[in-house]
Amino acid sequence: MRNYNRDNQAMFTVITDGRNWRFYLSSAGGEFSRRCFKTFDVLDDDLEEVEASLSAFLKKSEIENARQKAEDYLKLNQIQRTAEDCLPEARRRISEPPYPSLPDALVSLVGEKGFSITQDEAVKFIKEADKRKPPVPIAYPTTQTPTPNKTGRFASNRLALIVSMAKAGMTEAQITAAVTKEFGKPGSSVAYYIGCEWRRVNKGGRHFAAAKAAANTKKLKQLM
């Protein structure tokens, strides 16, 4: 959006997924994220306010006055962001001489940044900041490789394959290769299980498996 507006600048840039709307004043200076002057959520916010915002900035008959409204909104947002940025320092200053009140400290700091707010506006910013909660992090589901002791078709099929190949006299390496081909590279717990199952089925050890494999090969040759 930012690159497009360099050559074909529109008055507004709108980013939306249908529910959340963000309006940007394309001609404003600074970082693109700082040009956002209006946001709303169609489902959660008041519908009358949503309708008023859409009409103010997208309705053809209102477009002539839309720029001034956008600039006013943008300035208000800039002041609010500045107040929020200054609030931690304001809280620190109230514990130092001359021990100002928190609203007074905030008014002074915002003024140093080039903006002017009243004490009532400072009180409002402080209350809104106290009410605001940090965003809840999104919990993404993790992908885990099923192990033989877990239920489900994937685990059952793999378990059956390991047991059948162990009974057929295949070596641990051959079983591991077959499991990898069929289900992907096994984890350490699956590799451990392959070894345990192979030793359980072939109680005589590796020499037993080799002898059984040789016997199977001899029998196959006789049939041929």
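Taken together, the values in this text are just the output of simple stated rules run on the coordinates, not laboratory data. None of the values given here were measured: they were computed from a predicted structure. Note that each Cβ is placed from the backbone with ideal geometry, even for glycine, and that neighbours are counted across all protein chains shown.
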Over the stretch 2-131, what is the mean sequence separation of C-alpha contacts under 8 Å (at least six apart), divided by residue count, expressed as relative contact order in percent? 15 percent
Once phi is turned into ³J(HN,Hα) by the Karplus curve 6.51 cos²θ - 1.76 cosθ + 1.60 with θ = phi - 60°, what whole-Hz value does each residue of the stretch 180-191 show in order, with x for glycine and proline? 4, 5, 7, 10, x, 4, x, x, 5, 5, 6, 4
For PHE37, other-chain or 5+-apart residues with amide H closer than 5 Å (H placed, Pro excluded) are PHE23, TYR24, LEU25
A 32 angstrom limit on the alpha carbon distance is what I want to check against. Which of LYS75/LYS127; LYS69/LYS113; LYS60/LYS131; LYS59/LYS127; LYS69/LYS124 exceed it? LYS60/LYS131; LYS59/LYS127
For LEU159, LEU25, ascending order of other Cβ atoms within 10 Å (fewest first) is LEU159, LEU25
Estimate the FRET efficiency between ASP130 and ILE63 by the formula 1/(1 + (r/R0)^6), using the beta-carbon distance for r and 45 Å for R0, to the nearest 0.05. 0.75
Spelling out what I want: for every residue of the stretch 105-112, take phi, set θ = phi - 60°, compute 6.51 cos²θ - 1.76 cosθ + 1.60 (Karplus), and round to whole Hz; glycine and proline get x. 5, 5, 4, 5, 5, 5, x, 5
What list of ³J(HN,Hα) couplings, whole Hz, do you get for the stretch 161-168 from phi and the Karplus terms 6.51, -1.76, 1.60, once you set θ to phi - 60° and write x for glycine and proline? 5, 4, 5, 5, 6, 5, 5, 6
Among 162-169, 178-185, how do they line up from the highest to the lowest mean number of other beta-carbon atoms within 10 Å? 162-169, 178-185
